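Here is the structure we will look at, set down as structure tokens.
Derivation of every value follows stated rules applied to the coordinates shown; laboratory data play no part. Not measured: the values here are computed from a predicted model. Counting neighbours? That spans all protein chains shown, and the Cβs are built from the backbone with ideal geometry, glycine included.
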Amino acid sequence: MAIERTFSIIKPDATNRNLTGAVNAVFEKAGLRVVAQKRVRMTREQAETFYGVHRERPFFGELVEFMISAPVVVQVLEGENAVAKHREVMGATNPANAAEGTVRKLYALSVGENSVHGSDSLDNAKIEIGQFFSGNEIVG
Ligand code: ADP
């Protein structure tokens, strides 16, 4: 299996509740290595661009407001099959449907305030990493 890098965000509902370490513990236990990490406050423009594919969805405005409501922790995670593994340990978008032991089952508050983001493909991971990190900030 290939070593991949994926992009992750620990969202405002989780940073507000001081869960950064708890979320990272789930990732690390799954074999994902944090190779870059920083706490930032997203600008409205960054959030709108990042979630641009959802611009026409009814929840877009709410999603952008949520993402800029408090600091987030943006990360690059590395490991075997990292994109799929990360999606697996995040759990389903709606915590009501998330499997036991996943971040969203453990910590998410609702389908919107669901604690984490993870890239859904290797191509999107590269794009999303580039939106928040320069090459020399990633230390594998
Ligand atoms: P995922 O984050 O699991 O890849 P999506 O790409 O479908 O899920 O949605 C992006 C984000 O938009 C979700 O993580 C969640 O924060 C928000 N979202 C998705 N669906 C809804 C909804 N029905 N109501 C409110 N927010 C939503």
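Listing 40, 89 from fewest to most neighbouring C-beta atoms within 10 Å gives 40, 89.
Contour minus end-to-end for residue 2 and residue 38, with contour as 0.36 nm per residue of separation and end-to-end as the Cα-Cα distance?
Value of the extension gain: 10.4 nm.
Once the chain from residue 126 to residue 97 is taken as fully extended at 0.36 nm per residue, the excess over their C-alpha distance is 7.6 nm. When you filter the trypsin sites (Lys or Arg not before Pro) in the range 22-110 for DSSP loop state and at most 14 other Cβ atoms inside 10 Å of their Cβ, you are left with 41, 55. Of the residues 22, 82, 14, the one that moves most in a GNM of the chain with alpha-carbon contacts below 10 Å is 22.
From its DSSP helices (H runs of at least four residues, each -39,500 (n - 2.57)), the chain gives a residue-normalised ellipticity at 222 nm of -10500 deg cm²/dmol. Spatial offset of the range 80-140 relative to the range 1-71 amounts to 7 Å, using the alpha carbon center of each.
Its relative contact order, with pairs defined as Cα atoms under 8 Å and 6+ residues apart, puts the chain at 38 percent. Checking every one of the chymotrypsin sites (Phe, Trp or Tyr not before Pro) in the range 33-109 against DSSP loop status and a limit of 12 other Cβ atoms within 10 Å picks out 59.
Placing a pseudo-label 7 Å from each Cα along the Cα-to-Cβ vector at residue 110 and residue 16 gives an inter-label distance of 1.0 nm.
Tell me which GluC sites (Glu not before Pro) from the range 85-124 have a DSSP coil assignment and no more than 14 other beta carbons within 10 Å of their own.
Of the GluC sites (Glu not before Pro), the ones in loops of the range 85-124 whose Cβ has at most 14 other Cβ atoms within 10 Å are 100.
The ellipsoid that matches the Cα gyration tensor of the range 1-135 has semi-axes, each √(5λ) in whole angstrom, of 20, 18, 14, with the longest given first.
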